[in-house]
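The values are calculated or read from the model by the stated rules, or taken from the named source; none is laboratory data. Please read all numbers here as calculations on a predicted model, not as lab measurements. Every residue, glycine among them, receives a Cβ derived from its backbone with ideal geometry; neighbour counts consider all protein chains shown. Heads up: the accessible areas ignore ligands, DNA and RNA and are worked out on the full protein's heavy atoms, side chains in. Shrake-Rupley method; radii C 1.70, N 1.55, O 1.52, S 1.80 Å.
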Amino acid sequence: MGETISVNGTQRSLPDDPRITLLDFLRRDLGLTGSKKGCDHGQCGACTVIVNGIRINSCLTLAAMHEGDSVTTIEGLGTPEDPSPLQRAFVDQDGFQCGYCTPGQICSATAMLEELANDWPSDASNDLEGKIEISGEEIRERMSGNLCRCGAYANIVAAIRDAATETSA
Amino acid sequence: MRPFQYERARTLGDAARLVAGADAMAIAGGSNLLDLMKLQVETPGELVDINRAGFAEIEDADDGGLRIGALATNTATAVHPRVRSDYPVLARAILAGATQQLRNKATTGGNLCQRTRCFYFMNIDQPCNKREPGSGCGAIDGVAKLHAVLGTSDECIATYPGDMAVALSALDATVQIASVDGAERSVPVRDFHCLPGDTPWRENVLEDGEVITAVTLPAPVAGVQLYRKVRERSSYAFALVSIAAIVEMRDGVIARADLSFGGLAHKPWHDLRISDLLEGAAPSAQLYDAAADLLLEDARGYGENDFKIPLARRTLHAVLAQAVEDAA
C-alpha cells in the first residue's frame, strides 16, 4: 500500500498524480463529497478540512504533501443519527440556507473552538495574552475565511455561539 | 495545473540541492504557489516539498532575541508566547492578514516570498513585465487601486501584499539564508525585497539554490508596538495602507520610533529619516505632518490609487498619536 494518509480514521493510499489537491482526492478519489469546491483558490473556505487538528483549505494543498497525516472531513465529525455538537447547533439555529458552505463552516468552526480553548488570540482580541472571551466579534473574525453567499451569517454565528457555550460548560 | 515532478526534501541539504534545479521551485504552505500554479502564472517543472526538511522551530537566540524557523507557520509564530509578549507588533500583523485556514499553512519563508496580488500579474491574458518581461504594465493607466505610490518604476507599480514582513521590517529582523554549496548569509529584512526598477521580476535578493532557513529577531526593545491596517473590509483583505510602529517615550520626548509601511510599495517601506526626525522630538501634530512629508515626498499616484497618499498621511497621524498616548 505505498504512501498513505488517514482520512476519518481509515488508511488510504495517496494518489499517483502529484497535481491532485487534497480536495480533489477527497471528493473524486474517495467519494467524500461533503467538502465542497467553491472557488478552488482558498478564498471561500467551502473546502475546509481538519488536518492533524488544524483547519486548512484543502484546495490549496496537494494530497502528496500529506503522507502520514490525519484528515477529518465533515463525514468524520458526525452522522445524521449522531451529529457533533456543532452539526446539531447548525440544525437547531437554522445556520444555513442552500447548505453548500455548511460542511466547510462546520469543519472550520470545529477547529476554531479548539483554538479558542487554547486561548489563541485573533485580530478581534483586545489582548494578545490571557483568556479569550467568546463574542460575536471574535466568532465573525475567526470565521472570516468561510463565506456564505446566502448570507446566513446571523444564524451561523448563533450556532457557533451555542456550541461554544455547550463545549465550555 | 501543468504537470510537474514532485520531490520531497528531508533535510536542508536536500532542499537546497533540489531547488537549485533550473526549473525547480520550493513549496512549503503552498497557499500562494498552488494558487498561482492553477492560474498558470507559475509553471515549475519540479516542485520541491520542503515541509519535512526540519526547520520549523521557534527558539530563543543567545542574544536575547528569537529565531523563527522558515517553516514555522504564521499561526505558530503569532501564538508563540514570546512573540505575543515581546514582539506584539509581529503577532498583530500576522493576525491582521488572510484567514485562520491560510495562516495555518502559510510559513515564515513563504510569506516573505509571496507574490504580488496585482490583477495583471495574476491573469496570463494581460500584459505584465513581472510575469512576462517586455509585455508592458497593464496597471499603469489601468485598474490600480491596490497599487504602489512609492518606489514605482515605468515597468511596474505592484505592491508587496503581506503584513508579517512589515512588522519584521519595523523590528529590524534578519533573514537567514543557506545555499546549495553550504554557504550561509544574513540579509536584513529591510534589504530583502527589491524595488521593481527595470527588473520587476526580481522581487527579493534570493539567488537560485538558496533557501531561507529562519528569520531572527533582535532582543526585544522598550516601547509600545502597534500594527494598524487600513483595508476595504474588516477581515480577510489586503492592506491599502498599513503601519507597523514601535514607539518609546521618555520624559515627554519620543526616544525611539521604528516605523514600516505596507501597501505603499513593492517592499515593506522603511525610511530611516522618519526615525531621525521623530527621535528626540516632542510629539505634536506638526511633527507628525513633517514625518508624513518625508514619507510621501516622492509619492506618485496612478489615478485609482491617488487616495493612498492622503490615506497614508492620516494613518501615520493616527498611529503616532495612539502610540504616543499608549506609551505615555
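Values for this structure:
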{"read-out": "Separation of the A:Thr4 and B:Glu59 label points, Cα + 7 Å toward Cβ, nm", "value": "3.3"}
{"read-out": "Counting DSSP beta bridges with both ends in the protein assembly as shown, the antiparallel % (nearest 5)", "value": "85"}
{"read-out": "Convex hull projection area averaged over all views, the protein assembly as shown, Cα basis, nm²", "value": "23.6"}
{"read-out": "Inter-chain shielding of A:38-46 (mean C-beta neighbours from other protein chains, 10 Å cut-off)", "value": "3"}
{"read-out": "Hull shadow area, averaged, chain A [alpha-carbon convex hull, nm²]", "value": "10.0"}
{"read-out": "Point-charge dipole on Cβ atoms (K/R +1, D/E -1) for segment B:224-327, about Cα centre, debye to 20", "value": "420"}
{"read-out": "Accessible area, probe 1.4 Å, largest first, for residues A:Ile20, B:Ile309", "value": "B:Ile309, A:Ile20"}
{"read-out": "Protein-only accessible surface order, largest first, of B:Thr159, A:Thr165 at 1.4 Å", "value": "A:Thr165, B:Thr159"}
{"read-out": "Shielding by partners, peptide B:90-100 (average Cβ within 10 angstrom, other chains)", "value": "5"}
{"read-out": "Local net charge near B:Ser275, Cβ-Cβ under 11 Å (Lys/Arg +1, Asp/Glu -1)", "value": "-3"}
{"read-out": "Charge dipole (debye, nearest 20) of segment B:177-237; +1 at Cβ of Lys and Arg, -1 at Cβ of Asp and Glu", "value": "640"}
{"read-out": "Solvent-accessible surface (1.4 angstrom probe) belonging to B:Met249, in square angstrom, nearest 10", "value": "40"}
{"read-out": "Considering only chain B, percent of DSSP beta bridges that pair antiparallel, nearest 5", "value": "85"}
{"read-out": "Contour excess over end-to-end distance, with Cα ends at B:Val205 and B:Ser186 and 0.36 nm allotted per residue", "value": "5.7 nm"}
{"read-out": "Virtual spin-label span in nm between A:Glu81 and B:Ser234, 7 Å along Cα→Cβ", "value": "4.4"}
{"read-out": "Segment A:95-125 and segment B:141-192: distance between their alpha carbon centers, rounded to Å", "value": "32"}
{"read-out": "Nearest-10 value in Å² for the accessible area of B:Glu59, using the 1.4 Å probe", "value": "90"}
{"read-out": "Cβ-Cβ FRET estimate between A:Asp94 and A:Gln11, R0 fixed at 30 Å, reported to 0.05", "value": "0.20"}
{"read-out": "Relative contact order (%) - criterion: Cα under 8 Å, at least six apart; region: chain A", "value": "23"}
{"read-out": "Spherically averaged projected area of chain B from its Cα convex hull (nm²)", "value": "16.0"}
{"read-out": "Mean residue ellipticity (222 nm) of chain A, computed from DSSP H runs ≥ 4 via -39,500 (n - 2.57), nearest 500", "value": "-9000 deg cm²/dmol"}
{"read-out": "Length gained when the stretch B:His317-B:Ala222 is fully extended (0.36 nm per residue, less Cα-Cα span)", "value": "32.1 nm"}
{"read-out": "Compactness of segment A:85-168 as Cα Rg over 2.2 N^0.38 Å, two decimals", "value": "1.03"}
{"read-out": "Translational D in µm²/s for segment B:224-327 (Stokes-Einstein at 37 °C, 0.692 mPa s, Kirkwood Rh from C-alpha pairs)", "value": "236"}
{"read-out": "Cα-Cα over 23 Å, subset of A:Lys37/B:Lys145; B:Lys145/B:Lys267; B:Lys105/B:Lys145; A:Lys131/B:Lys105; A:Lys37/B:Lys229", "value": "A:Lys37/B:Lys145; B:Lys105/B:Lys145; A:Lys131/B:Lys105; A:Lys37/B:Lys229"}
{"read-out": "Cα long-axis angle, helix A:153-168 against chain A (0 to 90 degrees, to the nearest 10)", "value": "90"}
{"read-out": "Cα lying deepest toward the dipole's positive end in segment A:85-168, options A:Tyr100, A:Ala154, A:Leu116, charges on Cβ", "value": "A:Tyr100"}
{"read-out": "Dipole in debye (nearest 20) - chain A, about Cα centre, beta carbon charges: Lys, Arg +1; Asp, Glu -1", "value": "560"}
{"read-out": "Relative contact order (%) - segment B:5-49, alpha-carbon pairs under 8 angstrom, separation at least six", "value": "56"}
{"read-out": "Mean residue ellipticity (222 nm) of chain B, computed from DSSP H runs ≥ 4 via -39,500 (n - 2.57), nearest 500", "value": "-7500 deg cm²/dmol"}
{"read-out": "Where a label projected 7 Å from the Cα of A:Cys150 along Cα→Cβ would reach, residues of segment A:79-121 with amide N under 16 Å", "value": "A:87-107"}
